[in-house]
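Please treat every number below as a calculation from the coordinates, not as lab data. Everything numeric in this text was worked out from a predicted model, so none of it was measured. All Cβ positions, glycine included, derive from the backbone under ideal geometry; neighbour counts span all protein chains shown.
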Amino acid sequence: MARATHLPKFTVPSLSLEEGSQVAKVLQERLNALNDLALTLKHIHWNVVGPHFIAVHEMLDPQVDAVRMMVDATAERIATLGVAPHGTPGALVAERTWDDYSIGRAGAIEHLGALDEVYEGVITAHRKAAADTEESDSVTNDLLIGHLHELELFQWFVRAHLESSSGALSTDGATTERGAARKAGAAS
Ligand SMILES: [Fe+2]
């Protein structure tokens, strides 16, 4: 990518141009992940069916709104660091390292099982990005930690639908969206 070989002409005070470039690179991947998540949440909002339709349909829109705010703040932090954020769908698809969400029209619990997997991936990578920027840029670290407060809460909202009264998740042991959807559906 051009950004990896061209340093920004400026960055925030106290960071070297190399550090600014490196932090922006970490943030670009988070921007892609959050844009992807916002679209995936809307896709589920539109494709959920069954008796729990309205609860899940309506639960997701505030998550979309919150994630879109995270998208904006992430892109603007990249620009603040002196780097041009990539915000187009083509760049997202070219740069991302994960597959498209794999489920179309399906029951609410199946989608929530799969969405738990989606949040698992996004949160794990977000925590790594926060750790990777802790030394170099405390402001970016703080931004990512702020996102995690909300993302982990949203994952709990999803998991509460998959949780038994003994506290076990019906999707326990699943490693794919489809696998998690199957387990969640079978337990419901
Ligand atoms: Fe809607």
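Worth a mention:
- Sparse packing (at most 14 other Cβ atoms within 10 Å of the Cβ) combined with a DSSP loop state is found for the following trypsin sites (Lys or Arg not before Pro) in the stretch 79-188: R96, R105.
- In the chain, the sites counted are GluC sites (Glu not before Pro) in DSSP loop states with at most 15 other Cβ atoms within 10 Å, and the longest stretch holding none of them, exclusive of the sites, is 1-133.
- The lysines within cross-link reach of K9, meaning a Cα-to-Cα straight distance under 24 Å and a gap of 8 or more places when in the same chain, are K25.
- Overall dimensions of the stretch 20-63 as given by Cα atoms, namely Rg and Dmax in Å: 14.8, 49
- Put the Cα centre of the stretch 93-112 next to the Cα centre of the stretch 147-188 and the gap is 15 Å.
- For the chain, the average shadow cast by the Cα convex hull is 10.8 nm², which is a quarter of the hull's surface.
- In a fully extended conformation the segment linking R182 and H57 would gain 43.0 nm over its present Cα-Cα distance, using 0.36 nm per residue.
- Under Stokes-Einstein, with the Kirkwood radius over Cα pairs as Rh, the value for the stretch 117-169 at 4 °C and 1.567 mPa s is 108 µm²/s.
- Size descriptor, Kirkwood hydrodynamic radius, that averages inverse alpha-carbon separations across the stretch 52-163, Å: 15.6
- Residue range of the chain that is longest and free of chymotrypsin sites (Phe, Trp or Tyr not before Pro) which are both DSSP loop and sparsely packed (at most 14 other C-beta within 10 Å): 99-188
- Qualifying trypsin sites (Lys or Arg not before Pro) in the stretch 1-85, DSSP loop, other Cβ atoms within 10 Å at most 16: K9
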